[in-house]
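The values are calculated or read from the model by the stated rules, or taken from the named source; none is laboratory data. What you see is a predicted model, and the numbers here were worked out from it, not measured in a lab. Every residue, glycine among them, receives a Cβ derived from its backbone with ideal geometry; neighbour counts consider all protein chains shown.
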Amino acid sequence: MNREGFWFVSDVLNHIYCPWITYNWYVLGMPQSKKQEALVKKTKKHPERGIGGIKNARVVGQKYVRSYTLMLAGICDYVVFIDNKPAPLELKDAWMPKGKPWKNHLIQLACYSIMLGEEMGCIVDTGYIHYLRDGLTQKIEIEDPVKDYIISVIRDMDSTIENEIVRGRPISWRCCVDCCYRKICAGYGGTP
């Protein structure tokens, strides 16, 4: 959460990962102690195909977007305009998965689509993920159930702060093993 009261997209991902992170950070006032290294992002730009291989697209890089309705903010790697319709494009230092994208990548893309839609006054139902390891770009349809899920997660985060009560548990107890909160977390159940 920033000084203006906006949740960051990373806060949403952390809450989905484990709601106790939101409680420990924002209710108890203990930020995460692990230092995250910034990923230097590179993308291949093909002159004939545009960034990420998307043809005939106008691209804006590092766009700060926010939703006043959800009090959500973040910096989208790229915003791609295809036929004057915006779509988020995220870069991932990974190989493209076979079939569906990873859940956390989809959630992040959907958060940006919600914010872009609100800022630009249109429905954003498509996004792109460019995988740096193999140079492939995946087009993803962002459906309403995913957006509704994000809205419910943000409402749960607001409730956690307001009521100082955590609803839910980590997506897996294996997450607790290397968590920076495990020694003090009520959701962990004690020392390892």
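Tabulated data
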quantity	calculated
Conditions (1) in contact with a helix residue (DSSP H, G or I) (Cβ under 7 Å, 6 or more places away or on another chain); (2) of a type in the set (A, V, I, L, M, F, W, C); (3) assigned to a loop (DSSP other than H, G, I, E, B); number of the one not met by residue 150	(3)
Some residue of segment 98-106 being at pLDDT 85 or above, among the basic types (Lys, Arg) and closer than 15 Å to residue 9 by Cβ	yes
Selected residue (criterion: farthest from residue 23 (Cα to Cα)) from residues of segment 123-149 that are of a type in the set (A, V, I, L, M) and in contact with a strand residue (DSSP E or B) (Cβ under 8 Å, 6 or more places away or on another chain)	136
Residue check, residue 129 under 23 Å from residue 61 (Cβ atoms), surrounded by 17 or more Cβ atoms within 10 Å (Cβ to Cβ), touching a residue at least 12 places away in the same chain (Cβ under 8 Å) and within 13 Å of the chain's Cα centre (by Cα)	yes
Unique residue being in contact with a Leu (Cβ under 6 Å, 6 or more places away or on another chain), under 28 Å from residue 164 (Cα atoms), surrounded by 14 or more Cβ atoms within 10 Å (Cβ to Cβ) and at pLDDT 75 or above when the list is 20, 25, 7	7
Filtered residues of segment 142-161 (kept if of a type in the set (Val, Ile, Thr), more than 12 Å from residue 7 (Cα to Cα) and over 14 Å from the mean Cα position of the chain (by Cα))	160
Unique match (being closer than 25 Å to residue 58 by Cα, exposed (fewer than 11 other Cβ atoms within 10 Å of the Cβ) and acidic (Asp, Glu)) among 141, 162, 118, 90	141
Residue check, residue 78 hydroxyl-bearing (Ser, Thr, Tyr), closer than 22 Å to residue 10 by Cβ and crowded, with 21+ Cβ neighbours inside 10 Å	yes
Total residues in segment 62-98, condition in a strand (DSSP E or B) and either touching a Ser or Thr at 6+ places or on another chain (Cβ under 7 Å) or of a type in the set (A, V, I, L, M, F, W, C) (or both)	13
Filter result (charged (D, E, K, R) and either part of a strand (DSSP E or B) or touching a Phe, Trp or Tyr at 6+ places or on another chain (Cβ under 7 Å) (or both)) within segment 153-182	182
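So that you can scan it fast, the table gives a plain yes or no per residue for (1) without any contact (Cβ under 8 Å) to a residue 40 or more places away in the chain; (2) over 24 Å from residue 25 (Cβ atoms); (3) not charged (D, E, K, R):
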{"site": "94", "(1), (2), (3)": "yes, yes, yes"}
{"site": "117", "(1), (2), (3)": "yes, yes, yes"}
{"site": "143", "(1), (2), (3)": "yes, yes, no"}
{"site": "146", "(1), (2), (3)": "no, yes, yes"}
{"site": "150", "(1), (2), (3)": "no, no, yes"}
{"site": "159", "(1), (2), (3)": "yes, no, yes"}
